[in-house]
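J.: This structure is in structure tokens; I'll ask about it shortly.
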Amino acid sequence: MSAPATAPDASVTGPAGPLADPRAGGRVGSSLREFAPPVLTAFLVLALWEGAVRGFGIRPILLPTPSSIVVAFLGDLPRLADAIWTTGRAAILGFFIGGAAGFTAGAVAARFTWLREGVLPMGVAFGAIPIVATAPIFNLWFSALSVWSNASVVALVVFFPMLVNTITGLSSVAPGHAELVRSLAMPRWSVFTKLQVPTALPFVFGALRLGAALAVIAAVVADFFGGFRSSSGFFIKTLMATADYTGAWATVLALCLFGLTLYGLVALAERRVVPEQG
Amino acid sequence: MTSGQEQIVEQGVARESAQETVVDPIVSTRHVTKRFGTGPEAVVALSDVTFDIAAGDFVSLIGPSGCGKSTLLRTIADLIEPTDGEITVNGTSAHDARLARHYGMVFQQATLFNWRTVRRNVELPLETMGMSKQERGRRSREMLELVELSDFANKRPNQLSGGMQQRVSIARALSFQPSLLLMDEPFGALDEITRERLNLELLRIWEATATTVVFVTHSIPEAVFLSNRIVVMSPRPGRILAEIEVDLPYPRDDDTREQDRYFELVTEVRETLRRAEAG
């Protein structure tokens with residue numbers, strides 16, 4: 001998805017790029033007000049970090065300076081890109097599969113009261129257990145050298161929040177709207193597409209935003225349990241083993257940027273799809 | 001505007017003939033009772049309600065909060081099933097009438113979809129009926145003209161004032177030209193000035209569309225100004241206290257509210273309600 005033409009000036013918003021509010025577009029004054037606090041805070045934290053490490057003489061093995069991490073990051077871009085791609089495609093694949101499956105299952109469950117009553121608490125419970133712990137099991141089921149193993153871990157993590165939010169969203173139709181469509185004798189499918197889905201969209205996107213963050217975490221954790229040697233999880237392990245701690249931090253930075261991008265894309269899609277609610 | 005004038009003339013003729021000859025009522029309730037809950041905690045919302053509404057009427061159901069007037073309207077709309085009794089709408093059961101879309105309904109809240117434009121809100125019933133896009137566009141244009149909101153067709157409902165939203169909701173209810181319009185305190189949430197303006201507008205729409213209106217309100221002046229008949233209800237259990245004919249001539253306007261007869265009728269309704277409370 002490309003950024004809308006009204007996206008605020010990148011030089012003003014800086015790292016917040018993909019999260020930028022398109023509605024603030026064109027009004028540099030308001031985007032400055034909006035983005036100045038987080039950007040300034042980030043710089044302040046980084047400056048404190050840099051100062052503390054230098055001032056207190058903290059060894060790089062414990063905590064490297066932000067500047068050295070950025071240097072390592074820029075110096076190792078091709079290998080990092082490769083690592084992010086290996087981990088990222090499992091995250092993205094799992095994100096879409098888990099999201100679609102969660103929505104479908106939620107839509108079916110929301111259709112029948114008894115099913116909804118049964119599935120909703122179960123979904124909440126399953127969502128609470130650490131599903132990333134299933135990674136070794138999935139490695140058994142699928143070939144360890146297939147993207148599907150890690151993608152399944154991600155899909156499962158994304159699935160439950162989506163299931164719960166879809167059920168909740170589809171069931172939160174306003175009583176007045178419910179009476180209206182009944183008075184119009186609207187067929188069930190029309191009620192679903194014209195009323196329930198639009199009502200559920202903010203909930204669905206809430207699950208997608210959460211899912212985007214969880215997907216990257218799950219994909220990296222799954223990396224640690226095997227899989228591709230080029231994956232970022234494996235890369236971090238290797239760098240740690242060779243005492244390249246700054247390189248490990250640079251990989252974390254790369255993963256952060258990837259996670260933020262994914263989250264930003266979801267937020268951008270939400271702005272386009274979900275109209276402002278009154 | 002000539003077609004509108006023709007409609008008014010036709011409407012006038014229809015109303016006169018309705019008074020002269022005995023026609024089947026468009027709504028008729030027989031011994032309608034509604035209990036909520038069971039056992040000793042059951043609440044009787046409606047008790048033995050029997051009345052008729054003739055085609056072309058503007059009937060108001062009035063009474064204090066909790067008198068079951070909204071419940072009665074909802075049983076006519078088949079949104080609530082009565083515990084006992086029978087309701088016919090347009091010669092069929094209330095249930096079949098709902099499925100056949102014999103009525104349009106306006107609620108106290110405008111119940112518009114904020115994710116749709118004003119125009120597409122008005123077209124919602126037409127989409128459900130499978131009408132072509134072209135025909136839907138024609139009808140919604142006509143309806144928005146009727147409620148004088150043509151300039152707002154492409155706005156979102158939340159960009160409109162409360163009074164405008166309620167006018168959109170009326171346009172939506174009339175978009176498929178139902179013979180019956182059910183209104184549940186549609187102007188109850190609006191300020192007095194907006195309410196009086198919308199009362200005038202509603203009468204104009206009623207006269208232009210040959211629709212029968214059943215109007216729930218707890219405002220006495222509103223009921224007298226709008227209706228040709230007022231059904232006064234008492235609370236717990238909700239039943240009909242009196243039916244008052246309003247013999248103020250149509251078309252009514254702001255001057256109607258200053259006539260002696262208007263004040264007499266307002267007093268009559270008020271005293272009927274007060275007697276019920278005392279008794």
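J.: Looking only at region B:148-202, filter to residues that are among the acidic types (Asp, Glu) and in contact with a strand residue (DSSP E or B) (Cβ under 9 Å, 6 or more places away or on another chain); which one of those is farthest from B:Asn90 (Cα to Cα)?
T.: Residues of region B:148-202 among the acidic types (Asp, Glu): B:148, B:151, B:184-185, B:191-192, B:196, B:201.
So of that shortlist, the ones also in contact with a strand residue (DSSP E or B) (Cβ under 9 Å, 6 or more places away or on another chain) come out as B:184-185.
Details: B:Asp184: 20, B:Glu185: 23 Å.
Checked region B:148-202; the qualifying residue farthest from B:Asn90 (Cα to Cα) is B:Glu185.
J.: When A:Arg209 is evaluated against the numbered criteria (1) within 14 Å of chain B (Cβ to nearest Cβ); (2) in contact (Cβ under 8 Å) with a residue 60 or more places away in the chain; (3) not aliphatic (A, V, I, L, M), which criterion, by number, is the only one it fails?
T.: Of the numbered conditions (1) within 14 Å of chain B (Cβ to nearest Cβ); (2) in contact (Cβ under 8 Å) with a residue 60 or more places away in the chain; (3) not aliphatic (A, V, I, L, M), the odd one out for A:Arg209 is (1).
J.: Now, a different point. Just wondering, is there one or more residues in region B:218-239 that are surrounded by 15 or more Cβ atoms within 10 Å (Cβ to Cβ), among the hydroxyl-bearing types (Ser, Thr, Tyr), at pLDDT below 95 and under 19 Å from the mean Cα position of the chain (by Cα)? Outline the logic, then answer.
T.: Initial filter on region B:218-239 (surrounded by 15 or more Cβ atoms within 10 Å (Cβ to Cβ)): B:218-235, B:237-239.
Filter again for among the hydroxyl-bearing types (Ser, Thr, Tyr), leaving B:219, B:227, B:234.
The next check asks that each one be at pLDDT below 95; those that pass are B:219, B:234.
In the following step, the residues that additionally are under 19 Å from the mean Cα position of the chain (by Cα) were identified as B:219.
Among the residues of region B:218-239, at least one is surrounded by 15 or more Cβ atoms within 10 Å (Cβ to Cβ), among the hydroxyl-bearing types (Ser, Thr, Tyr), at pLDDT below 95 and under 19 Å from the mean Cα position of the chain (by Cα), which makes the answer yes.
J.: Something else now. Any residue in region A:101-115 that is under 26 Å from B:Trp115 (Cα atoms) and among the aromatic types (Phe, Trp, Tyr)?
T.: Yes, that holds for at least one residue.
J.: While we're on this one: For A:Gly226, state whether it is of a type in the set (Gly, Ala, Ser) and part of a loop (DSSP other than H, G, I, E, B). First the steps, then the outcome.
T.: Details: of a type in the set (Gly, Ala, Ser): yes; part of a loop (DSSP other than H, G, I, E, B): yes.
So A:Gly226 passes the test.
J.: Within region A:187-204, restricting attention to residues that are touching a residue at least 24 places away in the same chain (Cβ under 8 Å) and either at the interface with chain B (Cβ under 9 Å from one of its Cβ atoms) or among the charged types (D, E, K, R) (or both), which residue is surrounded by the most Cβ atoms within 10 Å (Cβ to Cβ)? Steps first, please.
T.: The initial filter retains those residues of region A:187-204 that are touching a residue at least 24 places away in the same chain (Cβ under 8 Å), namely A:192, A:196-197, A:199-204.
Remaining after also requiring either at the interface with chain B (Cβ under 9 Å from one of its Cβ atoms) or among the charged types (D, E, K, R) (or both): A:199, A:201.
Values: A:Thr199: 19, A:Leu201: 17.
Across region A:187-204, the extreme among qualifying residues is A:Thr199.
J.: OK, next. One residue is enough: does region A:229-244 have a residue meeting the conditions more than 27 Å from A:Ile137 (Cα to Cα), buried (at least 16 other Cβ atoms within 10 Å of the Cβ) and not hydroxyl-bearing (Ser, Thr, Tyr)? Working first, answer last.
T.: Within region A:229-244, the first condition is being more than 27 Å from A:Ile137 (Cα to Cα), and the residues that meet it are A:242-244.
From what's left, buried (at least 16 other Cβ atoms within 10 Å of the Cβ): A:244.
Okay, now just the ones that are also not hydroxyl-bearing (Ser, Thr, Tyr), so A:244.
Yes: one or more hits.
J.: Okay, moving on. Just give me the residues in region B:168-199 being buried (at least 17 other Cβ atoms within 10 Å of the Cβ), away from chain A (no Cβ under 12 Å) and of a type in the set (S, T, N, Q), in sequence order.
T.: Answer for region B:168-199, where residues must be buried (at least 17 other Cβ atoms within 10 Å of the Cβ), away from chain A (no Cβ under 12 Å) and of a type in the set (S, T, N, Q): B:Ser179, B:Asn199.
J.: Now, a different point. Hey, any hits in region B:62-70 for a residue that's away from chain A (no Cβ under 14 Å), hydroxyl-bearing (Ser, Thr, Tyr) and either closer than 23 Å to B:Ile230 by Cα or under 18 Å from the mean Cα position of the chain (by Cα) (or both)? Explain how you work it out, then say what you get.
T.: Of region B:62-70, the ones away from chain A (no Cβ under 14 Å) are B:62-69.
This time we only want the ones that are hydroxyl-bearing (Ser, Thr, Tyr), so: B:65.
Checking which are either closer than 23 Å to B:Ile230 by Cα or under 18 Å from the mean Cα position of the chain (by Cα) (or both) leaves us with B:65.
So far as region B:62-70 goes, yes, one or more of its residues are away from chain A (no Cβ under 14 Å), hydroxyl-bearing (Ser, Thr, Tyr) and either closer than 23 Å to B:Ile230 by Cα or under 18 Å from the mean Cα position of the chain (by Cα) (or both).
J.: Report, by residue number, each residue of region A:161-186 that is of a type in the set (A, V, I, L, M) and more than 13 Å from every other protein chain (Cβ to nearest Cβ). Outline the logic, then answer.
T.: Our first condition is that a residue be of a type in the set (A, V, I, L, M); within region A:161-186, this holds for A:162-164, A:167, A:170, A:173-174, A:178, A:180-181, A:184-186.
Correct list: A:Met162, A:Leu163, A:Val164, A:Ile167, A:Leu170.
J.: State which residue is surrounded by the most Cβ atoms within 10 Å (Cβ to Cβ) when the search covers only region A:54-100 and only residues that are under 23 Å from the mean Cα position of the chain (by Cα) and of a type in the set (S, T, N, Q).
T.: So, considering only residues that are under 23 Å from the mean Cα position of the chain (by Cα) and of a type in the set (S, T, N, Q), the one surrounded by the most Cβ atoms within 10 Å (Cβ to Cβ) is A:Thr87.
J.: Okay, next question. Give me a count of the residues in region B:87-122 that are assigned to a strand (DSSP E or B), at the interface with chain A (Cβ under 10 Å from one of its Cβ atoms) and either over 19 Å from the mean Cα position of the chain (by Cα) or among the hydroxyl-bearing types (Ser, Thr, Tyr) (or both).
T.: So the first thing to find is which residues in region B:87-122 are assigned to a strand (DSSP E or B), and the list is B:87-89, B:92-93, B:103-106.
Narrowing the set further to residues that are at the interface with chain A (Cβ under 10 Å from one of its Cβ atoms) leaves B:103-106.
Now restrict to residues that are either over 19 Å from the mean Cα position of the chain (by Cα) or among the hydroxyl-bearing types (Ser, Thr, Tyr) (or both): B:103.
Residues flagged as assigned to a strand (DSSP E or B), at the interface with chain A (Cβ under 10 Å from one of its Cβ atoms) and either over 19 Å from the mean Cα position of the chain (by Cα) or among the hydroxyl-bearing types (Ser, Thr, Tyr) (or both) within region B:87-122 amount to 1.
J.: Condition (residue is surrounded by fewer than 18 Cβ atoms within 10 Å (Cβ to Cβ), away from chain A (no Cβ under 14 Å) and small (Gly, Ala, Ser)) applied to region B:157-167: is it met by at least one residue? Break it down stepwise before answering.
T.: At the first step, the residues of region B:157-167 found to be surrounded by fewer than 18 Cβ atoms within 10 Å (Cβ to Cβ) are B:158-159, B:161-162.
If we keep only those that are away from chain A (no Cβ under 14 Å) as well, we get none.
No, because not a single residue in region B:157-167 is surrounded by fewer than 18 Cβ atoms within 10 Å (Cβ to Cβ), away from chain A (no Cβ under 14 Å) and small (Gly, Ala, Ser).
J.: Out of (1) free of Cβ contacts under 8 Å to residues at least 12 places away in the same chain; (2) closer than 25 Å to B:Leu72 by Cα, what's the single condition that is false for B:Lys133?
T.: All conditions are met except number (2).
J.: Quick one: in region B:245-263, of everything that is touching a residue at least 24 places away in the same chain (Cβ under 8 Å) and outside any helix (DSSP H, G or I), which residue is farthest from B:Glu201 (Cα to Cα)?
T.: Among them, the one singled out is B:Leu248.
The values are calculated or read from the model by the stated rules, or taken from the named source; none is laboratory data. Quantities reported herein were computed from a predicted structural model and do not represent experimental measurements. Quick reminder, even Gly has a Cβ in these numbers, built from the backbone with ideal geometry, and neighbours come from all protein chains shown.
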